[in-house]
1. Does Phe198 satisfy the criteria of being more than 13 Å from Ser213 (Cβ to Cβ) and aromatic (Phe, Trp, Tyr)?
2. Tell me, please, whether a residue that is in a strand (DSSP E or B) and either of a type in the set (Lys, Arg) or within 9 Å of the ligand (Cβ to nearest atom) (or both) can be found in the stretch 180-191.
3. Mind listing whichever residues of the stretch 85-98 are within 12 Å of the ligand (Cβ to nearest atom) and open to solvent by less than 30 Å² (accessible area, probe 1.4 Å)?
4. Of all residues being surrounded by 21 or more Cβ atoms within 10 Å (Cβ to Cβ) and assigned to a strand (DSSP E or B) in the stretch 192-217, which is farthest from the ligand (Cβ to nearest atom)? Just the residue, please.
5. Consider Ala140 against the criteria (1) surrounded by fewer than 24 Cβ atoms within 10 Å (Cβ to Cβ); (2) over 19 Å from Gly209 (Cβ atoms); (3) among the small types (Gly, Ala, Ser): it satisfies all of them except one. Which criterion is unmet?
6. Can you pull out every residue in the stretch 63-84 that is farther than 17 Å from Phe34 by Cα and open to solvent by 50 Å² or more (accessible area, probe 1.4 Å)?
7. Return a yes/no flag: does the stretch 105-125 have any residue that is open to solvent by less than 10 Å² (accessible area, probe 1.4 Å), farther than 30 Å from Val20 by Cβ and within 13 Å of the ligand (Cβ to nearest atom).
8. Count, please, the residues in the stretch 144-179 that happen to be more than 12 Å from the ligand (Cβ to nearest atom) and crowded, with 22+ Cβ neighbours inside 10 Å.
Amino acid sequence: MANIEIATTTGRQVVLNADVIEQFLTGLRGGHLFQGDDGYDAARKIYNAMIEHRPAIIARCAGAADVISAVNFARNNGLLVSVRGGGHNVSGNAVCDGGLMIDLSPMKSVRVDPQGKTVRAEAGVTWGEFDRETQAFGLATTGGLVSTTGIAGLTLGGGLGWLMGNYGLACDNLISVDAVTADGRLLTASKSQNEDLFWGLRGGGGNFGIATSFEFQLHQVGPMVGGTLIHRLNKRFL
Ligand SMILES: Cc1cc2nc3c(=O)[nH]c(=O)nc-3n(C[C@H](O)[C@H](O)[C@H](O)COP(=O)(O)OP(=O)(O)OC[C@H]3O[C@@H](n4cnc5c(N)ncnc54)[C@H](O)[C@@H]3O)c2cc1C
């Protein structure tokens, strides 16, 4: 492995020593991608195709331990960081140019508790994947209107969706969130633990930490098919 030039939070580039990078990357369970690697372009591709950012390193996180390593590595070296959930944010914040992209999209675990009507889903899950698992039990919660949107960015931003008339926003249905804070600690935030962090995560976006998983309240809905009905406008009204 060679030394790498990488962007920092000051806007300057630094050259990171190959040994320092190797130590970080060999510990990552989910692996990593550099420019030119197979899969690099697919991993940096997001919903808004106009965004052409190229991170120096993409850390493909397989779980919370990888996220903690990435946060510590970035903090210790003052690196520019971006966090990718579902990649739907139109401004393209999920992909930084020249820095470290912490890619949560491989984190796909969804575990439904049908008796308790709750679910814990990891931060790389999209609403289509989430609904697939919860609908197996006729359960759902307020999620995005489009199935490819990530549960992470949408819920952290509040989250409008089909079921909000009955059950409120996505963030209103949050029971707890596991999040890695900037100092590299994994905290559980809920109404009874780290309450201030829980308050911030319910609408404050990605500003308070990197959410690794979300626990939601589910409701008996379906199994059903959702969607939008569009009627042809009658000529009489034109
Ligand atoms: C086609 C389309 C449909 C949409 N429909 C809806 C809708 O129905 N309802 C609605 O409310 N919004 C909707 N949105 C807006 C959408 O919720 C936001 O763009 C949201 O940020 C997308 O989340 P994501 O995880 O897919 O995106 P990303 O682009 O991956 O992330 C968005 C932001 O959140 C941060 N982030 C992502 N994951 C984490 C994490 N785990 N921890 C901390 N920060 C994180 C990222 O760094 C980035 O700044 C829609 C957007 C699009 C493009």
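The values are calculated or read from the model by the stated rules, or taken from the named source; none is laboratory data. What you see is a predicted model; the values in this text were computed from it and never measured. Glycine also receives a Cβ, built like all others from the backbone with ideal geometry; neighbour counts cover every protein chain displayed. Note: areas computed on protein heavy atoms with side chains; ligands, DNA, RNA excluded. Shrake-Rupley method; radii C 1.70, N 1.55, O 1.52, S 1.80 Å.
1. So Phe198 passes the test.
2. yes
3. So in the stretch 85-98, the residues within 12 Å of the ligand (Cβ to nearest atom) come out as 85-96.
Matches in the stretch 85-98: Gly85, Gly86, Gly87, Gly92, Ala94, Val95, Cys96.
4. The qualifying residue farthest from the ligand (Cβ to nearest atom) is Phe216.
5. (1)
6. Scanning the stretch 63-84 gives Ala65, Arg75, Asn76.
7. The answer is yes; a qualifying residue exists.
8. The number of residues fulfilling the criteria is 2.
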